[in-house]
Amino acid sequence: MKPLPEYLPGESGLVLRRWVTADAPRLAQAVGESLEHLRPWMPWVAQEPVPLAERHQRIATWEQDWRAGGDLVMGVFVDGAVAGGCGLHHRIGPKGLEIGYWIHPAFLRQGIATAAARLLTNAALHQAEITRVEIHHDKANVASAGVPLKLGFRLMREVPDEPEAPGEIGISCEWQVRRAEWAPFPIGSPAT
Ligand SMILES: CC(C)(COP(=O)(O)OP(=O)(O)OC[C@H]1O[C@@H](n2cnc3c(N)ncnc32)[C@H](O)[C@@H]1OP(=O)(O)O)[C@@H](O)C(=O)NCCC(=O)NCCS
């Protein structure tokens, strides 16, 4: 698969951009300010704080994977400020990509996760090989459920899943949209 787009502009100052190693200190700061809000739902928070060199290395690995046509890990920027992170992941089998997202506490309830997921869904479905996009969240994570619901994803199934983060109850809600159900818009254009 050709690499996913590394730059996705939205509206109202929103930009999704692939993390680069120079972002490591800013990413560390944003994660550090978000820890308690993320801890219930994001398993990787248990490893924080990550040493700067290790964070550099992780971003370099993300870049290698992306260049090889693998996962895309992006920052969410609003007027240049780090508002969160998001990505597209090859972990739901062939022809599918799964969206992940987190938003800094200073930027919550402004529609940013929904706008980011919309840009990511559109980018994913522009790839010839991708026919479906999914969002998975633990059933206890009601904030996360609002995102696929607002975007018109369908709740396909609820399946038992080993809890990985302290807020999870172990039921994975799996939402999906298929290419035929999606109204595409040009990549690089603000989403309307
Ligand atoms: C989930 C998360 C990314 C949502 O980010 P956000 O930018 O605030 O989301 P949006 O503003 O786009 O909200 C979309 C809808 O989700 C629902 N929602 C969002 N936050 C909510 C909350 N705290 N309680 C209830 N519903 C909520 C609402 O329906 C909302 O629409 P509305 O504001 O018009 O009512 C954010 O809460 C977060 O970072 N959580 C911790 C990390 C996480 O859980 N990531 C997802 C793991 S699967």
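Any read-out appearing in this document is the output of simple, stated calculations on the displayed coordinates, not a laboratory observation. Here the structure is a predicted model, which means the values were calculated and not measured. Reconstructed Cβ throughout: ideal geometry from the backbone, glycine too, with neighbour counts over all protein chains shown.
Span-like helix check, the chain: qualifying full DSSP H segments, with Cα axial length of 18 Å or more and mean Kyte-Doolittle of -0.5 or more, are 24-38, 112-126. Taking the chain as a Gaussian network, where each spring joins two C-alpha atoms under 10 Å apart, which residue of 61, 131, 114 fluctuates the most? Checking each option, the largest mean-square fluctuation is seen for 61. One equal scatterer on each Cα of region 46-115, no solvent, Debye formula: the resulting log10 I(q)/I(0) at q = 0.11, 0.16, 0.21 Å⁻¹ is -0.33, -0.70, -1.07.
In nm², what is the average projected area of the convex hull enclosing the Cα atoms of region 7-181? Show your work: numbers first, answer last.
Values: hull surface 38.4 nm².
Mean projected area of the Cα convex hull: 9.6 nm².
Distance from the alpha carbon centroid of region 1-44 to that of region 118-192 works out to 17 angstrom.
Figure the gain on full extension for residue 67 and residue 2 (residue separation times 0.36 nm, minus the Cα-Cα span) and round it to one decimal in nm.
On the way: separation 65, 0.36 × 65 = 23.40 nm, distance 0.82 nm.
Additional length available on full extension: 22.6 nm.
Rounded to the nearest 500, the 222 nm mean residue ellipticity of the chain from helices alone is -9500 deg cm²/dmol, with -39,500 (n - 2.57) taken per DSSP H run of at least 4 residues. Ranked by the mean number of other Cβ atoms within 10 Å of their residues, highest first, the peptides 65-74, 152-161 fall in the order 65-74, 152-161.
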